[in-house]
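A short worksheet on the structure shown next.
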Amino acid sequence: MNINWRDLVLQILLAVAVALVLLFASTTTSRLHDGERKMHGGAKHEPQASNPAETFVEVVLESSPLSQLSAGFTGIAPSMHLIRLSVSRPLSNVDPIEHPSRRRYGRIDFSFAFLVFLPIALIPMYYFIYKRCVSRGDAEKLASGRTKLLDFCIERILLPLLGIAGFVSLVTLACLYAAGLRLASNEVLGLIAVWAVTVSFYLLAWILLFALFLLRSASFSSAIIQYAATFLLIVFIVPQFVQTVILAIERPHGRLPLVVERRRILQNTRLGDQAAVDRFMQRKGYSPLDWTEPMTEPVSQALVNLRIEEAIAPRLVEFESSVDRLDSLALTSSWLSPFLVAQYAVDDIAGTGLSRYSDFRKAAIEYHEKWQKYTFDFVARRQFLDYDALRNAPKFQYYNSDTGSILLSVLPRSGYLIGLCAALAFGISRQLRQLLPQSKKTGRNTGLSFT
């Protein structure tokens, strides 16, 4: 048996490149989420001072046990997932959510490796399989009816694909294990299985797409050109076009206008304006302050900030509404690209997606209202927080989505990819009926050429 050493070396180099990319992807997400866990580990989950105008509490979005699968939306800025809440620090100071359609193509995580890199790495695999079939005359045998289609698919296509899939699976499991992932529960195992199915059908769709292009074009080089053009369209052009359209429909409101508005209101807010403070207290349901008693500086500053927050509330509501509309538009428009469908599915499975962070932010806003109301009651009475008051302070409760709800959100996207594979398989079967003989007596040449 003659061995083509050049092709063998190229295949080994390709395998090494894939392994290195997967290893780098695992280390990237591992370092990112280790940093998040360290920062969150130092968060102050309980009130830190007895003075209600100075005490604060921090709420965090805990790192998901499957965060190594994708940096996802939480990879934009770890500081976005630790929010300090204080009666004198309004929530408008929290950095806004970055628009989710601004995908981070340069971050080499597992989602990038599987959804962007591997479809490109499949091109050399197509080359080796096709060259092997042509050199052995398998295409001519298939076209003349001397080889059955099922035997051809199993021996020449399925077995090489299974070998590659096995290699990628082993390297992936080794990288995830080295990065600290452990199958601690059946829920984690189930989510990994769904992730594997989703990614597998996404990659299978690319393989079937190339097969369809090859059958229709009857030229390897032409099929590669069509494949590359479709890849650029689906992975880069469509997402960028979608983002442009979304931003044309709904311009995002950043934090800068809130900062400018706060400064403007601050200039018109006097610290010792007793009448304005009394009206503010009455709007909050409290009696006017006793101005014969001296007011400490922290309490005075807290009242100023609360008055500013009341004045800026309409702009803050407008900002939050804009964020919600952008999120909704991004999620809806993601169905236009199989890449975005797979990306959002992988992020949701990993627990790093937009929906989880949006739920966390809403929970933080609701908790901020409870915390501010609780501490403001002590500020209005000029009382300190004793032990019982600190112990009875409201606690932040954010419940992560259970496995069932995650699967319900991911299954439609997995179904989308499965349906896409089925449609491509149907197109291939129709093309094969036109190219292959209906019986062994009626052979037809496929016209495939290796160029």
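Here are the numbers for this structure:
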quantity: Residues satisfying the stated conditions in region 387-410, i.e. part of a helix (DSSP H, G or I) and free of Cβ contacts under 8 Å to residues at least 60 places away in the same chain; calculated: Y387, D388, A389, R391, G404, S405, L408
quantity: Filter result for L32 (under 30 Å from Y367 (Cα atoms), at pLDDT below 80 and not in a loop (DSSP other than H, G, I, E, B)); calculated: yes
quantity: Test: A193 is farther than 18 Å from L158 by Cα, modelled with pLDDT of 85 or more and either in contact with a Lys or Arg (Cβ under 8 Å, 6 or more places away or on another chain) or of a type outside the set (K, R) (or both); calculated: yes
quantity: Residues within region 209-263 that are part of a helix (DSSP H, G or I), closer than 30 Å to E310 by Cβ and touching a residue at least 12 places away in the same chain (Cβ under 8 Å), tallied; calculated: 4
quantity: Unmet criterion (only one of (1) surrounded by fewer than 18 Cβ atoms within 10 Å (Cβ to Cβ); (2) farther than 19 Å from V116 by Cβ; (3) not acidic (D, E)) for A223; calculated: (1)
quantity: Residue that is nearest to G351 (Cα to Cα) [pool: residues in region 154-186 that are within 23 Å of the chain's Cα centre (by Cα) and buried (at least 16 other Cβ atoms within 10 Å of the Cβ)]; calculated: L181
quantity: Single residue of T55, T29 found to be buried (at least 19 other Cβ atoms within 10 Å of the Cβ) and touching an Asp or Glu at 6+ places or on another chain (Cβ under 8 Å); calculated: T29
quantity: First in region 1-21 and loosely packed, with under 11 Cβ neighbours inside 10 Å, second anywhere and at pLDDT below 85 and assigned to a helix (DSSP H, G or I), Cβ under 7 Å, 6 or more apart; calculated: none
quantity: Residue identified as crowded, with 17+ Cβ neighbours inside 10 Å, in a helix (DSSP H, G or I) and at negative phi among R356, R279, R325; calculated: R356
quantity: Residue count for region 233-260, restricted to those that are surrounded by 15 or more Cβ atoms within 10 Å (Cβ to Cβ) and modelled with pLDDT of 80 or more; calculated: 8
quantity: Filter result for A342 (in a helix (DSSP H, G or I), modelled with pLDDT of 85 or more and in contact with a helix residue (DSSP H, G or I) (Cβ under 9 Å, 6 or more places away or on another chain)); calculated: yes
quantity: Per-region count, region 282-299, residues more than 43 Å from the chain's Cα centre (by Cα) and either among the hydroxyl-bearing types (S, T, Y) or surrounded by 15 or more Cβ atoms within 10 Å (Cβ to Cβ) (or both); calculated: 6
quantity: Filter pass, D348 being surrounded by fewer than 21 Cβ atoms within 10 Å (Cβ to Cβ), within 25 Å of H33 (Cα to Cα) and among the charged types (D, E, K, R); calculated: no
quantity: Filter result (in a loop (DSSP other than H, G, I, E, B) and either modelled with pLDDT under 80 or of a type in the set (D, E) (or both)) within region 64-89; calculated: G72, I76, A77, V87, S88
quantity: Flag if D347 is part of a helix (DSSP H, G or I), within 24 Å of I192 (Cβ to Cβ) and in contact with a Gly (Cβ under 8 Å, 6 or more places away or on another chain); calculated: yes
quantity: Test: residue in region 45-58 that is without any contact (Cβ under 8 Å) to a residue 24 or more places away in the chain and under 18 Å from F360 (Cα atoms); calculated: no
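The values are calculated or read from the model by the stated rules, or taken from the named source; none is laboratory data. Here the structure is a predicted model, which is why all the values come from computation and not from measurement. Cβ sites come from the backbone with ideal geometry, for glycine too, and all protein chains shown count toward neighbours.
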